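The block underneath contains the structure these notes are about, expressed in structure tokens.
The values are calculated or read from the model by the stated rules, or taken from the named source; none is laboratory data. Values in this document were obtained by computation on a predicted structure and should not be read as measured data. FYI the Cβ positions are ideal-geometry reconstructions off the backbone, even for glycines, and counts take in every protein chain you see. Note: areas computed on protein heavy atoms with side chains; ligands, DNA, RNA excluded. Shrake-Rupley method; radii C 1.70, N 1.55, O 1.52, S 1.80 Å.
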Amino acid sequence: MKRRLLSAFLAVMMVLTMAPVAFAADGVEPTDGTGSSEAAPAKTLQKQIDEAENGATITLNDNYTEDITIPADKVITLNLNDKKLTNVQSDTITVTKGAKLTIEGAGTVDNVTHAKSALVNYGEVVLNNGVTLERSSEKGTLSPYSPGGNSCYTILNDKGATMTINDATVKNNGGFSSAIRNGGDENCNDASNLTINDGNFSGGINSVKNDECGILTINGGTFSNTSQYVIMNWNKATINNGTFSVKDSADAVLFTAAYRANRAVGELIVNNGTFTGNGSQKMVENHYGSSYTGTASITGGTFSSDVSAYCDANYATEKNTDNTYTVKPLKDVAVAKIGDTYYKTLADAVAAAQDGDTITLLKDTIGSGIGTYKNPGKDLQGNDQITAKGFTIDFNQHTYSVDKPAVGSKTYETQGFHFEWKGAVDTTPNITLKNGTLNVAKVHDPNLKLLVQNYCNLTLDNMTVDGTNLTKGWGSYTYVTSNCNGTVTIKDSAIISENPNADVAFDVDGARRGYGPVKLTIEGDSKISGKFEVSTNEGNSLTVKGGYFTTDPSAYVASGYVAGTSDVSGYSYKVVAKTNTGNVEVKPDVADPEVTVSGSISEEDKKKVENAAKTVSAPTLGAETGDIVKDINEDTAKTLIEKATTVQGNNKKLY
């Protein structure tokens, strides 16, 4: 009997050991704690957090709907595990001061309640691995500006908190609240630090609002906005990299303004990144109304519009072929320099120059007209005019092309370069342009009719001054250069006009309206294409000591020089030094050409021919006689005098 009972007992026990048994995850006993044999409900996420040891990772095994808080001194990691956490009625996740939370794993933290956020941090938070935070029921609008019954920040980092976003997606579909707000608590003076290394951030009235006491650092990521600004900064923000873009309805890409000492100083620094507007938007808005102004300092990055006004002093923009602008060190984009100081534009260099400085052009460039003024004021664009001074511009074998705007005295803003005196002959500035080309850009200010207007002591040395593209300003002709005061020297330089038979290469127009006379000298291998005008006002003079000309310079050739036939195509005359003829003066004397009209043509046609003949000069004849004269030496002159039938006393002249 005992053996049967034992056998039966063993059989029952074998059946029991083979039966399946249910166990709760993580070793939770299948009981509600009352001794009931029914399985207890799964632990809430909050309870798992409360019971977790510091350093533990809690992995979501399902979607959760609850509001959770990370208590002070708790250090945990929450792995979303492709699941979703949605709030009930408060902020979805609140991190208490002193707590540390890392959120990782693809998944979503959502909030659907008005005035509540997906994540509120007062402690330390790190976001990794592409987690998503959103407010899926956001109803706020920009126009009308209204919360729509359900609006809030997606993330709030405040009260001295620290947050690092290594990789996350933060979304807010509204136009009333920002997607992220950093700082701003009125009663806290501690800095709230937000560092963004990567991720995607979109929407909200601002994608990121860096509020009072906020310290924002962006090292990367993609940011976009369609309401107001991508980044709104009230305190201190630094952008080291990232992509930032707005659409039509946004006001600007970046905003910075200060309104409260120590808490909202409005300092924005941009070191790199790509910033894109959609045509009309500003890149930077640096003020709020007329009372609150911030500072922006840009040292790098590529922008869809020019941000020169915000570049650091040692940086400047360079326009790219796609019409974007890249900010680079000033030395890399400088057009000119004075000593070791670099300038983005030639006008900037002239403005900075001290009397007597040498400005060196560093590259071929197109730029504005440049003027220096006796009584500087504001130009037509509202910019400060440059005070009259003396300087040298060494073009350094480069070309400066004037486009716009033209410069000049008030109501006469028609010039490329405009150089005024200081008010007296003995204080007239000395200006030298050398070793390069000054011309007019193909596309230029339509009022640009005169390339150089001069009231100074001006030297052109090894220069080409090309007025080919000037707007015709005086009927069918124009002036390339005009001189109204001072001593002018044109040495080994070319002055080029579009139409040498009509355009004026230069004039000598001093000694009027209170100015001193003009004494102009041409020497070396200069080439003058165009006419020249010499006023007969007292003291004015033109002296030619060499060069090539399209207009006969004979009347102005210096003693010891003669005008002969040019050996350069396009120029009829060449002025060279004569050979020594002792005490005999030798000069050509060429009569005007005679035109004989056949009597067989009608009187009407005869008049036409005679009138046409009056417009014809004979440069070749005059030049050839000059060729003969320049080769007459002292012995030849004596021989010719001896053969002359009439010599007037000791005044020996050959004509």
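Numerical summary
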{"read-out": "Residue 46/residue 278 FRET efficiency (R0 35 Å; Cβ-Cβ; nearest 0.05)", "value": "0.20"}
{"read-out": "Distance (nanometres) between label positions extended 7 Å along Cα→Cβ at residue 251 and residue 427", "value": "4.9 nm"}
{"read-out": "Relative contact order (%) - region 342-387, alpha-carbon pairs under 8 angstrom, separation at least six", "value": "31 percent"}
{"read-out": "Accessible surface, region 96-250, averaged per residue in Å² (probe 1.4 Å)", "value": "33 Å²"}
{"read-out": "Intensity falloff of region 111-156 expressed as log10 I(q)/I(0), Debye formula with alpha-carbon point scatterers, at q = 0.18, 0.26 Å⁻¹", "value": "-0.58, -0.92"}
{"read-out": "Mean Cβ neighbour count within 10 Å, used as a protection proxy, ranking 343-355, 404-416 highest first", "value": "404-416, 343-355"}
{"read-out": "Accessible surface of region 452-582, 1.4 Å probe, proportion on carbon and sulfur as whole %", "value": "42 percent"}
{"read-out": "Region 101-180: radius of gyration and largest Cα-Cα distance (Dmax), Å", "value": "12.7, 38"}
{"read-out": "Gain on full stretching of the segment that runs from residue 129 to residue 387 - 0.36 nm per residue minus C-alpha separation", "value": "86.8 nm"}
{"read-out": "Inter-probe distance in nm under a simple model that places probes 7 Å from Cα toward Cβ, at residue 88 and residue 314", "value": "5.8 nm"}
{"read-out": "Peptide ranges 129-142, 430-443, 54-67, 283-296 listed from the most packed, as the mean C-beta count within 10 angstrom indicates", "value": "129-142, 430-443, 283-296, 54-67"}
{"read-out": "Residue pairs, from the table 282/328; 282/434; 389/578, whose Cα atoms sit over 31 Å apart", "value": "282/434; 389/578"}
{"read-out": "Whole-percent carbon and sulfur share, accessible surface of region 334-424, 1.4 Å", "value": "45 percent"}
{"read-out": "Region 494-565: projected area of the alpha-carbon convex hull, averaged over directions, in nm²", "value": "5.1 nm²"}
{"read-out": "Solvent-accessible area, 1.4 Å probe, carbon plus sulfur percent, for region 131-171", "value": "48 percent"}
{"read-out": "Region 245-356 shape via C-alpha gyration tensor axes, a/c threshold 1.5", "value": "oblate"}
{"read-out": "Extension gain, residue 295 back to residue 243 (0.36 nm per residue minus Cα-Cα distance, nm)", "value": "16.6 nm"}
{"read-out": "Cut-off 17 Å (backbone N to label point 7 Å along Cα→Cβ of residue 341), residues of region 360-384", "value": "360-362"}
{"read-out": "Residue 332/residue 492 FRET efficiency (R0 51 Å; Cβ-Cβ; nearest 0.05)", "value": "0.95"}
{"read-out": "Beta bridges by DSSP in region 404-544, antiparallel share as percent, to the nearest 5", "value": "5 percent"}
{"read-out": "Using a Förster distance of 22 Å, the FRET efficiency for residue 54-residue 106 (Cβ separation, nearest 0.05)", "value": "0.30"}
{"read-out": "Prolate/oblate/rounded label for region 90-242 (Cα gyration tensor, a/c 1.5)", "value": "rounded"}
{"read-out": "Cα-based shape type of region 383-527, given that a ≥ b ≥ c are square roots of the gyration tensor eigenvalues and the cut on a/c is 1.5", "value": "rounded"}
{"read-out": "Alpha-carbon spread of region 149-192, three principal axes, descending order, Å", "value": "30, 29, 11"}
{"read-out": "Two-decimal log10 I(q)/I(0) for region 304-397, as the Debye equation yields it once each C-alpha is a single scatterer, q = 0.18, 0.22 Å⁻¹", "value": "-0.90, -1.21"}
{"read-out": "Region 165-219: proportion of alpha-carbon pairs further apart than 15 angstrom, %", "value": "49 percent"}
